[in-house]
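Colleague: Pasting a structure here, questions to come.
Only the coordinates and a few stated rules stand behind these numbers; no lab work does. On a predicted model such as this, the values are computed, not experimentally measured, just so you know. Because the Cβ atoms are built from the backbone with ideal geometry, glycine has one as well, and the counts that use them run over all protein chains shown.
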Amino acid sequence: MKLKHGYYHLIAILTVAIWGLTFVATKVLINHGLTPQEIFFYRFLIAYIGIWAISPKRLFAADLKDELWLLTGGLFGGSLYFFTENTALGITQASNVAFIICTAPLLTTILSLLFYKNEKATKGLIYGSLLALVGVGLVVFNGSVVLKLSPAGDLLTLLAALSWAFYSLVIRKMTGRYPTVFVTRKIFFYGVLTILPAFLLHPLRPDFDVLLQPIVLSNLLFLAVLASLICYILWNVVLKQLGTMRASNYIYLNPLVTMVASVLILHEQITWITLMGAGCIILGVYLAEKK
């Protein structure tokens, strides 16, 4: 369905806002004994089953090359991204992860300029992106100037950000060749398929007494249906309509949403430095997005 161009910006903001809430849901599931790879597996498996109701019934892409590109998308935008990010959370500080993962828009811009010669980065896009990144740092560290380095965890997070950047390029390549819902379904399938090797070290043993608990089931459904099935379709549409560089800049809003949710739900305190960071994010995204 075609919409007025401005609506795609609103869809991008809504999608990122929902993704900003997923950390809380994931934390709840981890506290109930689920491992990061189990959470991802159940999340994408439920989303994959659900998307069949609206997806074209064709099984494969037009040729092997395109099928391999979709497999790459499932790896970069699914299993590798979530596995590295969630593993990093267990090694380094959450603030480090939240800050480094927001380098994904910058990495996406750099890769787009490298691989697509017709892409041009305006001054507004560059300066806006950098200003938003500074704002992310202020919000994430909340006035604290102490940065505890953890090379393994920080490198894993950087790998996750780079993985998402490559995913954005894969979606761009598939845009227009296949329906968005079909591409998203294949991403879910290959995401589930490529996470299976992780269970060789820690075998999957479903505990239905835990999985069927209302709080566990509700958070899993939130991650699977809303944050994955619906949001991945919407995000792939946004990438198609706005372009990889402009759409990716909305990811900077992610920690801003998390900050607001922390205040409203967890009653956490915010400082004037955090508010300054929020202002930098909003202004930076505005500068990056305006024509």
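Colleague: Evaluate the charge dipole of the stretch 5-289 about its Cα centre and quote only its size in Debye, nearest 20, assuming +1 on the Cβ of each Lys and Arg and -1 on the Cβ of each Asp and Glu.
Modeller: With only Lys, Arg, Asp and Glu charged at Cβ, the dipole is about 760 debye.
Colleague: Further, regarding this structure: Name the residue, out of Leu125, Leu217, Leu111, whose mean-square fluctuation peaks in a Gaussian network model built on the chain with Cα pairs under 10 Å.
Modeller: Leu217
Colleague: Any idea which of Leu133, Ala224, Phe182 is furthest toward the positive side of the dipole for the chain, if Lys and Arg beta-carbons carry +1 and Asp and Glu beta-carbons -1?
Modeller: Projecting each Cα onto the dipole axis, the largest value belongs to Phe182.
Colleague: If you take every residue apart from Gly77 with its C-beta less than 14 Å away from the C-beta of Gly77, what net charge results, scoring Lys and Arg +1 and Asp and Glu -1?
Modeller: Net charge around Gly77: +4.
Colleague: Using a Gaussian network for the chain with springs between C-alpha atoms less than 10 Å apart, which of these wobbles most: Leu158, Leu114, Leu234?
Modeller: Comparing Leu158, Leu114, Leu234 in a Gaussian network model of the chain, the most mobile one is Leu114.
Colleague: For the stretch 26-75, what does the alpha-carbon gyration tensor say about shape, rounded, prolate or oblate, given a ≥ b ≥ c as the root eigenvalues, a/c under 1.5 as rounded, and a/b over b/c as prolate?
Modeller: oblate
Colleague: List the DSSP H helices in the chain whose Cα atoms stretch 24 Å or more along the helix axis and whose mean Kyte-Doolittle hydropathy is at least -0.5.
Modeller: Qualifying helices: 123-141, 151-174, 272-289.
Colleague: Can you match Rg and Dmax of the Cα atoms in Å to one of these, (1) 19.0, 64; (2) 19.8, 66; (3) 18.5, 55, based on a calculation from the structure here?
Modeller: Identified label for the calculated read-out: (3).
Colleague: Once you list every other residue whose beta carbon is under 12 Å from the beta carbon of Gly191, what net charge do they have if Lys and Arg are +1 and Asp and Glu are -1?
Modeller: Taking every other residue near Gly191 into account, the sum is +3.
Colleague: Considering the dipole of the chain built from charges on the beta carbon (Lys and Arg +1, Asp and Glu -1) around the Cα centre, which of Leu45, Ala88, Leu287 is farthest to its positive end?
Modeller: Checking the options against the dipole of the chain, the answer is Leu287.
Colleague: Considering only the other residues whose Cβ falls under 15 Å of the Cβ of Asp63, what net charge follows from Lys and Arg at +1 and Asp and Glu at -1?
Modeller: Neighbourhood net charge equals +3.
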